[in-house]
Amino acid sequence: MYDYHSHSFFSDDSSVPLKNMIEAAISMGIKELAVTDHYDPDYPDKNFPFDLDFNLYHQALLAAEKEHSKNIKVVKGLEMGIQHGETNKKCYLAASDFPYDFIIGSFHCCGGQDLYSKYFIERSDEDGVREFYDYVYEGICDFNNFDVLGHINVIDRYVSKIPDYSQYMFKIEQILTKLINMGKGIELNTSSFRYGLGERTTPSKEILALYKSLGGEIITIGSDAHREKQLGYKYKEAIEILISHGFKYITTFDKRVAKQIKI
Ligand SMILES: [Zn+2]
Ligand SMILES: [Zn+2]
């Protein structure tokens with residue numbers, strides 16, 4: 001297993017020591033674990049600033065990589081929260097400040113609001129989803145120092161009912177085309193199973209099919225684990241989804257360079 005999305009107590013929404021996550025991953029037989037703690041500059045919820053103590057984090061990553069090198073490859077990563085404007089300058093600084101192996105670029109906000117609290121109180125599902133994908137497209141035009149776009153349809157977690165996606169597929173095609181042209185990829189994020197989204201996977205089947213048809217090849221699998229038990233979650237199902245869409249490889253990263261692994 002190659003779990004390319006995980007969190008530890010360096011993230012504001014996890015309390016599990018990094019050591020425990022890595023030991024759990026080893027005991028599950030995970031070959032490579034990307035530690036991708038949150039850095040979400042200017043996140044609007046002050047109770048969860050998603051700031052990161054970079055000094056401590058970098059030291060911990062380097063120490064963990066060395067200590068466990070015989071048993072697991074610890075991929076030194078980051079989940080970068082992208083927004084617009086000045087925030088992205090902070091993202092650029094953070095991305096270039098350390099020799100990461102892998103950076104996930106994720107959108108947890110839109111127009112200065114976090115997605116889970118007030119965003120949909122002020123707009124309909126249809127409008128909120130449309131604004132989100134417009135925001136993502138503009139965001140990746142402005143900030144592109146990442147390797148894969150995280151949980152592309154994360155917005156589906158927060159709607160009361162999934163709107164008819166045919167109205168957004170043109171914009172999603174623009175996003176995927178932009179990613180492919182920049183040499184970036186996407187991730188299959190298995191947390192959709194934990195969130196009880198059922199058939200609505202992340203990405204959804206229609207987005208995954210579109211990515212494949214556009215020539216997209218770079219794709220990681222990540223559990224988005226915040227606790228030990230969530231590591232490697234539904235990995236087998238994720239592989240099956242990829243195979244059923246014609247993918248023959250998953251992607252791993254070392255020093256920001258992609259490597260394709262046959263599945
Ligand atoms: Zn995320
Ligand atoms: Zn995450």
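Quick notes on this structure:
- Exclusive hit being surrounded by 18 or more Cβ atoms within 10 Å (Cβ to Cβ), under 20 Å from the mean Cα position of the chain (by Cα), at pLDDT 95 or above and more than 16 Å from ligand 2 (Cβ to nearest atom), set 60, 95: 95
- Answer from 104, 152, 186, 172 - the residue that is crowded, with 21+ Cβ neighbours inside 10 Å and closer than 21 Å to residue 48 by Cα: 104
- Residue that is crowded, with 16+ Cβ neighbours inside 10 Å and on the phi < 0 side of the Ramachandran plot, where the choices are 49, 41: 41
- Scanning the stretch 217-225 turns up one or more residues that are more than 16 Å from ligand 1 (Cβ to nearest atom) and either on the phi > 0 side of the Ramachandran plot or more than 15 Å from the chain's Cα centre (by Cα) (or both).
- Scanning the stretch 15-50 for residues that are within 19 Å of residue 234 (Cβ to Cβ), among the polar types (S, T, N, Q) and either within 14 Å of ligand 1 (Cβ to nearest atom) or at pLDDT below 95 (or both) returns a single hit, 36.
- Residue that is farthest from residue 221 (Cα to Cα) [pool: residues in the stretch 65-84 that are away from ligand 1 (no atom under 16 Å from the Cβ) and in contact (Cβ under 8 Å) with a residue 24 or more places away in the chain]: 84
- Subset of the stretch 29-60 [in contact with a strand residue (DSSP E or B) (Cβ under 9 Å, 6 or more places away or on another chain) and among the hydrophobic types (A, V, I, L, M, F, W, C)]: 30, 33, 34, 35, 48, 50, 52, 54, 60
- Taken together, the residues in the stretch 139-180 that are touching a Phe, Trp or Tyr at 6+ places or on another chain (Cβ under 8 Å), within 16 Å of ligand 1 (Cβ to nearest atom) and of a type in the set (Phe, Trp, Tyr) amount to 2.
- Here the helices (runs of 4 or more DSSP H) wholly within the stretch 153-263 that include at least 2 residues being among the small types (Gly, Ala, Ser) are 191-194, 205-213, 235-244.
- For the stretch 205-263, the candidate set comprises residues that are among the aromatic types (Phe, Trp, Tyr) and over 23 Å from residue 74 (Cα atoms); within that set, the residue that is surrounded by the most Cβ atoms within 10 Å (Cβ to Cβ) is 211.
- Subset of the stretch 1-29 (residues that are within 16 Å of ligand 2 (Cβ to nearest atom) and free of Cβ contacts under 8 Å to residues at least 60 places away in the same chain): 8, 9, 10, 12, 15, 18
- Condition check for residue 138: out of contact with any Cys (no Cβ under 7 Å at 6 or more places or on another chain) and either within 16 Å of ligand 2 (Cβ to nearest atom) or farther than 21 Å from residue 111 by Cα (or both): no
- On inspection, residue 146 qualifies as of a type in the set (Phe, Trp, Tyr) and in contact (Cβ under 8 Å) with a residue 12 or more places away in the chain.
- Among the residues making up the stretch 107-123, those that are outside any strand (DSSP E or B), buried (at least 17 other Cβ atoms within 10 Å of the Cβ) and within 16 Å of ligand 2 (Cβ to nearest atom) are 107, 108, 115.
The values are calculated or read from the model by the stated rules, or taken from the named source; none is laboratory data. All figures in this text were calculated on a predicted structure; none of them were measured in a lab. Neighbour counts are summed over all protein chains in view; Cβ atoms, including those assigned to glycine, are modelled from backbone coordinates with ideal geometry.
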